[in-house]
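In what follows, a structure is listed as structure tokens, so that the remarks can point back to it.
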Amino acid sequence: MWHFHLSCNLKDDATIQHMKKSFLQQLFQKRTVLFFTALVFCMGLQAQTKKPNIVFLLIDDLGYADCGFNGGKDILTPNIDKLAKEGAILKNHYVQPVCSPTRSALMTGRYPTQTGIYTVITPGAQWGLPLNERTLANALQEAGYSTAITGKWHLGDFEKAYQPNARGFDHQYGHFFGAIDYFTHVRNNQMDWYRNGMTLKEEGYSTHLVAKEACSLIEKNAASKPLFLYVPFNGVHSPFQVPDQYTQAYPNLEGNRKKLAGMLAAVDEAVGQIVASLKKAGMLENTLIIFSSDNGGPPPGKNTPLRDFKASIYEGGTHAAAFAHWPGHVPSGKTIEGAMHIIDWYPTLVGLAGGSLKQALPIDGKDVWPMITKSGKSPHKAILSVSTRGPSQAAIRMGDWKLIVSDANESDGDAQKKQVKKYEPVSLFNLAEDPGESKNLASAHPERVAEMRKELSVLLKNAVAPGGK
Ligand SMILES: [Ca+2]
């Protein structure tokens, strides 16, 4: 101001008025710029601290190589592929070899060795996810989320206390077991279709119904609490059933492969509808979408180049097609090579939700957010895969190496029963050079085998007995 007055003495009135005006304009502009800069900064902070919605799409029995984004050639999955391309492909995302153990691992952040869920919980079973387990839905509910499951639970239903509404879900819709009839929703002559634990008689193809409920929950939830929506589709699990319109695009495929193509096309359409609902509700920009299979595909699913199928602890059983999508947060168009397990989502999602990880039971999973958004490096020294037979048949991955120790020639519930002497007592593979696990290098690397066996025995120490026994 002082300099302004001094210089003004040398000017005529018009010039002085102009300079005054110009100075005030500049001052106003600077203040305006400062104000908006501060506003944008505050909005940025608010955006950073705003809790993301979480939509977890779990596909049942999807083959590793059946979607276009992961090498599939003969089935059209445009909606899934678009999301994968916009997000980051999780190239080494491990799951358990069958349904219930993967679901319990996701829900608890703990390996089957801790929960006792090594194998499938069958209809009428008098057991389920132990009631002392805290679920991902419990943790997110405590963090202020509204929580919903639309699809397959598969963690026990024999008492209300085991059903989703008692395990942290505000809303439940869908079925409690696997392999339901897609049209009648019956399994073993019993209706397996519920809303909030009450049996429902509904017309419709289950993939359509699961998507419709998911979309309706998204649209009702808009501008309300942050949402955790768990969508475990029963597609593309057998029985191979789909409305004819979905198979018409596949004149070159035959039999169950053709049906599977149609079933996956219906799931792809459903994923597109869910994304469209998130967009319509104005939620897409603040939603983390995770996509994974619950285990490798059984035939006629394809797991190329991985060895074997569902129910196996070879990669074809436990290595899932997966990606994460969140605009501006998950890097777009990237492939993350670091290895992770589905147990990792528990601490990762609870962390993103600002929830508490303080709990009585120890968590095996690790926060993979730094890996996904920055380093690409796995936080794990070792990742465990346990067979449906329990700890006597297990695998461990450390870096590029995988060790399998087995007490039997086959896995239980083997999807490729004709194979005999499938497992040797000890096998070692280099997955970087041999992703198809064709060359057992155990005898050539005795020291590595000893080191990995030691690590495996640490992970299997104190393994609990199988549930239901
Ligand atoms: Ca499955």
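Every number here is computed from the coordinates shown, using simple stated rules; none is lab data. Not measured: the values here are computed from a predicted model. Glycine also receives a Cβ, built like all others from the backbone with ideal geometry; neighbour counts cover every protein chain displayed.
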Have a look at the DSSP beta bridges in the stretch 138-227 and tell me what percent are antiparallel, nearest 5. 50
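Which loop GluC sites (Glu not before Pro) in the stretch 332-441, with loop taken from DSSP, have no more than 11 other Cβ atoms within 10 angstrom of their Cβ? Mind dumping the intermediate values first?
Values: sites: 337, 410, 433, 437; in loops: 410, 433, 437.
Here the GluC sites (Glu not before Pro) that fit, given the DSSP loop and packing criteria, are 433.
Starting from the Kirkwood radius over alpha-carbon pairs of the chain, derive D by Stokes-Einstein at 4 °C in a medium of 1.567 mPa s and give it in µm² s⁻¹.
Numbers: Rh = 23.7 Å.
Taking Rh from Cα pairs, D becomes 55 µm²/s.
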Which value, to two decimals, describes the C-alpha radius of gyration of the stretch 52-189 once divided by 2.2 N^0.38 Å? 1.13
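Over the stretch 50-378, what is the relative contact order in percent, taking alpha-carbon pairs closer than 8 angstrom and at least six residues apart?
On the way: 772 pairs, mean separation 105.0, N = 329.
It comes to 32 percent, rounded to a whole number.
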What length, rounded to one decimal in nm, is gained on full extension from residue 200 through to residue 444, with 0.36 nm per residue of separation minus their alpha-carbon distance? 82.0 nm
On the principal axes of its Cα set, how long, how wide and how thick is the stretch 104-146? Give whole Å, largest value first. 33, 22, 15
Fewest-first sequence of 77, 335 by Cβ atoms within 10 Å of each Cβ: 335, 77
Determine the percent antiparallel among the DSSP beta bridges restricted to the chain, to the nearest 5. 55
For 62, 229, ascending order of other Cβ atoms within 10 Å (fewest first) is 229, 62
Debye-sum result for the stretch 384-460 in log10 I(q)/I(0), which assumes one identical scatterer on each alpha carbon, at q = 0.13, 0.22 Å⁻¹: -0.37, -1.05
Can you tell me the alpha carbon radius of gyration of the stretch 299-391 divided by the globular rule-of-thumb value 2.2 N^0.38 Å? 1.23
